[in-house]
Structures are given as structure tokens and as C-alpha cells.
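A quick write-up on the structure given underneath.
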Amino acid sequence: MRRVIGIALGLSIAIGVLVTAFVWPSSEIAPRDVPIAVAGPPEAVAAVSEQLDEAVPDGFSVDAVSSEEEARSAIADRDVYGAIVLSPSGPPSVVTASAASPVVAQLLESVARSMAASSGSSSGPVIEDAAPLPSDDARGTGFSAGALPMVFGGIAIGAAMSFVVSGVWRRVAGATMAAIGGGAMAVLVMQSWLGVLDGNWFANAGVYALILGATSFTLIGLNAALGHPGAALGAAAMLLLGNPLSGVTSAPELLPSGWGTLGQFLPPGAGGTLLRSTAFFDGAGALQPVLVLSGWVVVGLLLAAVGARRGAPVASDPVPVGEATFAK
């Protein structure tokens with residue numbers, strides 16, 4: 001009976017951890033130094049920055065630019081999520097990028113309308129989406145839903161190769177093939193069928209394959225170096241930390257301070273950012289996530305090499321004559 005009680009207690013704690021991991025980040029979503037551009041004369045930009053800070057304290061990090069073209073360039077380069085363009089003869093215009101984050105785009109629109117109303121302006125701001133999502137996924141729900149298969153797919157590949165295939169490098173080879181095939185299949189569904197993604201098809205498929213490879217290689221390496229407990233720990237980290245902290249459904253800057261940054265150094269977060277870059281921004285802002293994902297691949301391969309070396313027979317060990325004769 002003690003064993004039954006222990007199992008029940010352990011499962012209860014595990015469920016609590018699972019609920020906390022998934023619910024807590026979502027319940028704490030709020031703007032925290034979200035980078036936006038404000039274009040206009042320095043005095044007017046300073047005044048708008050103060051208004052933004054009053055409306056949403058510490059919510060925005062304002063990049064002052066001199067022109068609308070500079071603001072649009074910053075959006076296209078993924079340096080900012082949107083821009084407020086001030087006009088001397090009319091209401092300000094708001095340039096958003098829903099492809100970067102629909103949540104931030106809606107937030108920026110709401111704040112701009114609120115500021116216009118509080119200033120007594122009879123006309124609201126002019127709003128333009130400079131980087132819209134595909135018409136088949138105008139709210140970004142399809143893209144967000146694709147985050148979980150990225151995590152589960154990588155875990156499934158890593159687990160299947162670790163437990164079913166013998167030989168470390170055969171597992172790595174199998175994971176490579178599965179990641180390439182899985183990436184192609186995912187983009188076939190998300191882009192060719194459902195229209196959730198734009199951009200170059202092969203680039204998106206390569207990104208998805210890299211995401212799957214980063215997770216699966218890490219699990220294979222942990223299993224080779226530390227055994228099944230290592231692989232289980234890695235899978236738990238990807239699921240309980242990587243997925244909730246990825247910021248795919250909102251934005252890293254909307255997650256609790258520090259946690260969004262951490263999420264961008266895990267495969268799900270880096271993968272989501274990279275897929276947005278290739279699908280909607282012609283690869284802008286892709287360098288950091290590429291380096292992060294490549295780093296996880298390298299770590300996985302190094303761990304796999306350590307495990308393979310430990311499991312390999314030592315060349316200097318003498319082979320008994322009887323065994324050598326039998327082997328012949």
C-alpha cells in the first residue's frame with residue numbers, strides 16, 4: 001500500500017509541475033521592454049515615450065528614429081515589433097507587424113488608440129500592418145499551434161532512436177533522416193495545405209528539420225552519455241521549459257522577466273523565432289536562433305561521441321586466444 005501511495009503522490013506532484021509549467025507563463029503575459037520605434041522630431045518622440053511609459057510602465061523600449069522609412073526598415077529587420085510615426089499635421093500612424101507577434105500588434109494598436117483618446121483627438125491613429133500574417137492564418141493561431149509538434153516531434157525522434165535502434169551513430173543517422181522527413185512533412189501541411197506559412201518552402205522545411213534535429217540529437221547524446229535518466233531529463237526540460245518559454249504564442253518580451261530570454265536559448269524558442277524569420281521576414285533576425293539550434297546539435301553530437309567512446313572496446317585490451325579463434 002505504501003508503494004501505491006508513493007506512486008499516487010509522485011503523480012500528483014508531477015501534474016502540479018506540469019500545470020505550473022504551462023499555465024504560469026501564460027498567466028503572467030504582459031509587455032516588458034517590448035522594442036518599438038517612434039519616428040518624428042526628437043521633442044515629439046520624447047513626449048510620446050513618456051506617454052507610453054505612463055500608459056504601460058516599463059512596457060516598451062523606444063528606439064527613436066528620424067523617419068518612417070527608418071522605422072519600417074527596423075520592422076523588416078526584426079529590430080522592433082512596430083512603430084509609431086508622428087505627423088505634424090495629423091494623427092499619428094501606427095505600423096505593426098502581426099507576423100512578428102499578433103499579440104504585440106494588437107497591444108500596440110490598443111495603446112495608440114488609448115493615447116489618442118486621452119489627448120482629446122477626434123480621430124484615431126492610422127493603423128497599417130507592414131508584415132501581415134497569411135490570409136489563411138490571419139490571427140496566427142495555426143502558427144502557434146505548430147509549436148507543440150516541434151517539441152513532441154523532436155522528443156519522439158530522440159526517444160525512438162534511443163530505445164529502438166542500436167549503435168549511437170546509427171541513431172544519429174536515423175534521427176537525421178527522420179528530422180529531414182519530418183521537416184518536409186510539417187511544411188507540406190503548414191504551408192502547402194493550410195497556408196499557415198509564407199516564404200521559401202525549402203528554407204522553412206530546413207528550419208523545421210533543424211529544430212527537430214536539435215532536440216532529437218540532444219536526447220540521443222544524453223542517452224548515450226548518461227543513460228535513460230539523462231534522456232528523460234532532457235525530454236522533460238524541452239517539454240516543461242522549452243515549450244512554455246518559447247514565446248511562440250505571444251512574444252519573448254511578454255513573458256516574465258528573464259524567462260523569455262531563457263526560452264530563446266532552448267530549441268523550441270529559437271526554432272519558433274527562426275521559423276518566423278524565414279517564413280515572414282526573408283530570413284531577417286535569423287542569426288541568433290541558427291547559432292542556438294546549431295549549438296544544441298553540436299552538444300548532442302559531442303555527448304553521443306562521449307557515449308560511443310565509453311561503450312567502445314579498448315584496443316589495448318588483450319583478446320584471449322580461445323575467443324580470437326572462435327571469432328575467426
(request) Would you work out if region 34-132 is rounded, prolate or oblate? Take a ≥ b ≥ c from the square roots of the eigenvalues of the alpha-carbon gyration tensor; rounded if a/c is under 1.5, else prolate when a/b is larger than b/c, oblate otherwise. (result) rounded
(request) Could you work out the local net charge near A47, counting Lys and Arg as +1, Asp and Glu as -1, over the other residues with Cβ closer than 13 Å to its Cβ? (result) -4
(request) Multiply the residue separation of T141 and A173 by 0.36 nm, subtract the distance between their alpha-carbon atoms, and state the gained length in nm to one decimal. (result) 8.2 nm
(message) Suppose the chain between S89 and E70 were pulled fully straight at 0.36 nm per residue; how much longer would it get relative to their current alpha carbon spacing?
(response) 4.8 nm
(request) Specify which labelled value, from (i) 1.08; (ii) 1.24; (iii) 1.04, agrees with Cα Rg over 2.2 N^0.38 Å derived from the coordinates of the model shown. (result) (ii)
(message) Please rank L52, L212, L18, fewest neighbouring Cβ atoms within 10 Å first, as an exposure proxy.
(response) L18, L52, L212
(message) Could you derive backbone 3J(HN,Hα) for region 252-257 from the dihedral phi with the Karplus parameters 6.51, -1.76 and 1.60 (θ = phi - 60°), listing whole Hz in sequence and x where the residue is Gly or Pro?
(response) x, 6, 9, 7, x, 3
(message) Give me the net charge for the shell around L226: Cβ to Cβ below 15 angstrom, other residues only, Lys and Arg +1, Asp and Glu -1.
(response) +3
(message) Please report the antiparallel percentage of DSSP beta bridges with both residues in the chain, rounded to the nearest 5.
(response) 25
(message) What's the magnitude of the charge dipole for region 62-113 around its Cα centre, counting Lys and Arg as +1 and Asp and Glu as -1 at the beta-carbon? Answer in Debye, nearest 20.
(response) 200
(request) For V196, enumerate residues with amide H under 5 Å from its amide H, sequence gap 5+ or separate chain, H modeled in the peptide plane. (result) Q191
(request) Describe numerically, in nm with one decimal, the distance between label points set 7 Å from Cα along Cα→Cβ at V298 and at D53. (result) 4.0
(message) Can you compute the charge dipole magnitude of the chain about its Cα centre, using +1 on each Lys and Arg Cβ and -1 on each Asp and Glu Cβ, nothing else charged? Give it in debye, rounded to the nearest 20.
(response) 2100
(request) For every other residue with a beta carbon closer than 11 angstrom to the beta carbon of P252, add +1 if it is Lys or Arg and -1 if Asp or Glu, then tell me the sum. (result) -1
(request) Assuming R0 = 51 Å, can you tell me the calculated FRET efficiency for the pair L9 and A44, based on Cβ-Cβ distance, to the nearest 0.05? (result) 0.25
(request) Would you mind checking region 27-59 for residues with the amide N under 20 Å from a putative spin-label position 7 Å along Cα→C-beta of T261? (result) 28-36, 57-59
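A short reminder: the numbers here are calculations on the coordinates, not readings from a lab. A quick note: this is a predicted structure, and the numbers were derived from the prediction, not measured. FYI the Cβ positions are ideal-geometry reconstructions off the backbone, even for glycines, and counts take in every protein chain you see.
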